[in-house]
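Chemist: This is the structure, below, for whatever I ask next.
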Amino acid sequence: MLEGGQNFTVLGGNSMVQARVGGPRGALVVALSSTVPYTALRPDVYAPFVKAFDAAAAGPNFPWMSRVAAVAPFDRCYDSTKLPQSLLGYAVPQIDVMLEGGQNFTVLGGNSMVQVNANTACLGFVQAPGQAPAAVIGGFQLENHLLLLDVDKKQLGFTTFLNAIGLSCSSFNFTLAS
């Protein structure tokens with residue numbers, strides 16, 4: 001859960017732009033879903049998040065980010081021929097979802113930008129219906145993260161973006177016996 005007053009943080013190189021999460025005081029529900037394709041944010045969360053991403057993308061650390069026409073269902077699309085690539089995906093502002101207990105769920109270019117055609121990549125976050133949870137982290141953003149749910153302790157653990165350490169979920173060997 002996000003604690004009231006905590007933030008989604010969009011990091012732009014050496015600068016940080018924070019998007020205050022709207023809604024009532026107290027905890028805001030953040031759900032995980034492997035059936036929702038892209039992270040869906042409630043309108044009061046989506047608007048400040050997109051504003052913070054726009055500010056970071058327009059900053060001096062990302063001169064290559066050139067907006068192009070939106071491609072449904074996404075609102076923010078960019079000329080992907082100008083976006084540098086690495087093991088982490090496209091070089092775009094980093095997104096941190098600040099969680100209870102001081103932990104972050106970090107979304108890098110490999111999980112934030114969706115290639116929609118040969119020349120266009122879009123920010124893979126969409127606006128959810130009004131009464132949805134504050135955020136439903138979708139399958140695209142969960143790709144190449146290992147999640148560990150400890151039901152007894154009511155805790156969720158997760159790895160960094162596996163590509164950052166030279167791994168991927170597709171290279172996991174499910175045939176090894178324990």
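The values are calculated or read from the model by the stated rules, or taken from the named source; none is laboratory data. Owing to the predicted nature of the structure, the values given are computational and were not obtained by experimental measurement. Please note: Cβ atoms are built from the backbone with ideal geometry, for glycine as well, and neighbour counts cover all protein chains shown.
Chemist: Which condition breaks for Phe125 when tested against (1) closer than 13 Å to Leu41 by Cβ; (2) in contact with a Gly (Cβ under 7 Å, 6 or more places away or on another chain); (3) at pLDDT 90 or above?
Modeler: That leaves (2) as the condition not met.
Chemist: Please work out which residue is modelled with the highest pLDDT, limiting yourself to region 147-157 and to residues that are exposed (fewer than 13 other Cβ atoms within 10 Å of the Cβ) and part of a strand (DSSP E or B). Reasoning before the result, please.
Modeler: First pass over region 147-157, keeping only residues exposed (fewer than 13 other Cβ atoms within 10 Å of the Cβ): 147-155, 157.
Pick out the ones that are also part of a strand (DSSP E or B) and you get 147-150, 155, 157.
Numbers: Leu147: 74, Leu148: 75, Leu149: 76, Asp150: 79, Gln155: 74, Gly157: 74.
The extreme case among them is Asp150.
Chemist: Just name the residue that is modelled with the lowest pLDDT out of those in region 20-46 that are closer than 19 Å to Thr106 by Cα and of a type in the set (Val, Ile, Thr).
Modeler: Across region 20-46, the extreme among qualifying residues is Val21.
Chemist: If only one of Phe74, Phe53 is of a type outside the set (A, V, I, L, M), surrounded by 14 or more Cβ atoms within 10 Å (Cβ to Cβ), touching a Leu at 6+ places or on another chain (Cβ under 9 Å) and assigned to a loop (DSSP other than H, G, I, E, B), which one is it? Let's see the steps before the verdict.
Modeler: Details: Phe53 fails: assigned to a loop (DSSP other than H, G, I, E, B).
That would be Phe74, the only listed residue that is of a type outside the set (A, V, I, L, M), surrounded by 14 or more Cβ atoms within 10 Å (Cβ to Cβ), touching a Leu at 6+ places or on another chain (Cβ under 9 Å) and assigned to a loop (DSSP other than H, G, I, E, B).
Chemist: Look at Ala134 and say whether it is without any contact (Cβ under 8 Å) to a residue 24 or more places away in the chain and closer than 16 Å to Val50 by Cβ. Steps first, answer last, please.
Modeler: Numbers: without any contact (Cβ under 8 Å) to a residue 24 or more places away in the chain: no; closer than 16 Å to Val50 by Cβ: yes.
No; evaluated as a whole, the condition is false for this residue.
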